[in-house]
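Reviewing the structure listed below.
The values are calculated or read from the model by the stated rules, or taken from the named source; none is laboratory data. Predicted model, so just to flag it, every value in this text is computed and none were measured. Note that we place each Cβ from the backbone using ideal geometry, even for glycine, and neighbour counts take in every protein chain shown.
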Amino acid sequence: METAAATGRTKDGLRRAVLGRRRERPDAERAAVAAALPDVLLGSGLLPDGGVVACYASLGSEPGTGPLLALLAERGCTVLLPVTHDGRDGGGVRLGWGAARVPAAGGPVPPGAAASPGPDLGPGALAAVELVVVPALAVDTAGRRLGRGGGYYDRALDDLRRRRGWLPPTVALLHDDEVLDAAVEPVPAEPHDVRVAHVATPTRLLHLDRS
Ligand SMILES: Nc1nc2c(c(=O)[nH]1)N(C=O)[C@@H](CNc1ccc(C(=O)N[C@@H](CCC(=O)O)C(=O)O)cc1)CN2
Ligand SMILES: Nc1ncnc2c1ncn2[C@@H]1O[C@H](COP(=O)(O)OP(=O)(O)OP(=O)(O)O)[C@@H](O)[C@H]1O
């Protein structure tokens, strides 16, 4: 298996290694991962009973958020999903947030999320958010997160911290082998990287030491 060490621990090398492994995961594993994440989060105490939660609709080989989005809706949470702005509108590269439109309950819940965001609610959309569920390719035990490379979540979390004066809890969803020991395989970090507080995998919930 290609490891971070073998790729020189560059962000791009690590991204390629993780995406390669994700692509190889069989459908049965993907379904099991998606089904396990809500239970792990339920046991974590991180999920508010109602209230606003920022999440995302999983794509491709990402750990599936379909069942998690269904659970959040069941708990009466207002779920916000990201709307990507690539800067061509002159407003800079940034994430907006729209209310999740989740398919009606009752049918089978696919592991990948079928949800989509409603219209962008504007700059104050996250004002009352109680939990931010963030996508990631890897996170180390010091909370350093590797994303897709767009810098979208780093900007969004930085903006949220500035507006609120503090950062609400953040949790990244990963496969077990994507949690890296910071002492052995640190995720390469840059000054703009915002560390996450928690990681949920299909088997465990980790509270990270960001000091
Ligand atoms: N689900 C999800 N939504 C997100 C992000 C993310 O990482 N995941 N983003 C984080 O900043 C922003 C958008 N950035 C993204 C950048 C690249 C790809 C991408 O390459 N998607 C592939 C699927 C890859 C796979 O198989 O896993 C595709 O759509 O074909 C997706 C989102 C906002 N929304
Ligand atoms: N707060 C910020 N302000 C300005 N530029 C930023 C900020 N955060 C990240 N960037 C820029 O975004 C680009 C990508 O950053 P990085 O590789 O850390 O993204 P990522 O964390 O993998 O992606 P994402 O946050 O979308 O999941 C870098 O060129 C970086 O300079």
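Go through L19, L59, L68 for me and flag whichever is surrounded by fewer than 19 Cβ atoms within 10 Å (Cβ to Cβ), more than 14 Å from H175 (Cα to Cα) and out of contact with any strand residue (DSSP E or B) (no Cβ under 7 Å at 6 or more places or on another chain). Steps first, please.
Working: L19 fails: more than 14 Å from H175 (Cα to Cα); L68 fails: surrounded by fewer than 19 Cβ atoms within 10 Å (Cβ to Cβ).
Just one listed residue meets the conditions, L59.
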Exercise for the section: Restrict the check to the range 101-116 and report whether at least one residue is modelled with pLDDT of 95 or more and of a type in the set (G, A, S). Expected result: no
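Tell me, yes or no, whether the range 163-171 has at least one residue that is within 11 Å of ligand 2 (Cβ to nearest atom), buried (at least 19 other Cβ atoms within 10 Å of the Cβ), among the hydrophobic types (A, V, I, L, M, F, W, C) and modelled with pLDDT of 95 or more. Walk me through how you get there before you give the answer.
Going residue by residue through the range 163-171, those that are within 11 Å of ligand 2 (Cβ to nearest atom) are none.
The answer is no; no qualifying residue exists.
Conditions (1) surrounded by 19 or more Cβ atoms within 10 Å (Cβ to Cβ); (2) within 14 Å of ligand 1 (Cβ to nearest atom); (3) touching a residue at least 60 places away in the same chain (Cβ under 8 Å); (4) of a type in the set (V, I, T), marked per residue:
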| position | (1), (2), (3), (4) |
| --- | --- |
| L137 | yes, yes, yes, no |
| T141 | yes, no, yes, yes |
| L174 | yes, yes, yes, no |
| E178 | yes, yes, yes, no |
| P188 | no, no, yes, no |
| H192 | no, yes, no, no |
| R195 | yes, no, no, no |
| V199 | yes, no, yes, yes |
| P202 | no, no, yes, no |
Practice task
Determine, yes or no, whether P103 is of a type outside the set (A, V, I, L, M) and within 24 Å of L180 (Cβ to Cβ).
Solution key: no
Practice task
Scan the range 72-83 and give yes if some residue there is without any contact (Cβ under 8 Å) to a residue 40 or more places away in the chain, surrounded by 15 or more Cβ atoms within 10 Å (Cβ to Cβ), closer than 21 Å to R204 by Cβ and more than 16 Å from ligand 2 (Cβ to nearest atom), otherwise no.
Solution key: yes
